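The values are calculated or read from the model by the stated rules, or taken from the named source; none is laboratory data. Note that the coordinates shown come from a computational prediction; the quantities given were computed from them, not determined experimentally. Cβ coordinates were reconstructed from backbone atoms using ideal geometry, including for glycine residues, and neighbour counts include every protein chain displayed.
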Amino acid sequence: MTKSIKYLLLAAVVCLALVCLFIGSVLGAVAFITMGLLLESAFWLGIITSVQKRKPT
């Protein structure tokens, strides 16, 4: 293998690693947004149910 082929393979591996890291960070962000939405909806549902329990019927 010549040096130029080794450098091209090294550049390809580095580019693929960066792509994988970018995809992982995007998926991680989506997971955090989803968890945030779930926690916020649980918070609001908890407030609504507690207010409904306080109302006299």
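Look at the stretch 19-46: where a residue is touching a residue at least 24 places away in the same chain (Cβ under 8 Å) and at positive phi, no partner that is among the basic types (Lys, Arg) and exposed (fewer than 10 other Cβ atoms within 10 Å of the Cβ) sits 6+ places away or on another chain with Cβ atoms under 6 Å.
Tell me, please, whether a residue that is assigned to a helix (DSSP H, G or I), modelled with pLDDT of 80 or more and among the β-branched types (Val, Ile, Thr) can be found in the stretch 35-54. Scanning the stretch 35-54 turns up no residue that is assigned to a helix (DSSP H, G or I), modelled with pLDDT of 80 or more and among the β-branched types (Val, Ile, Thr).
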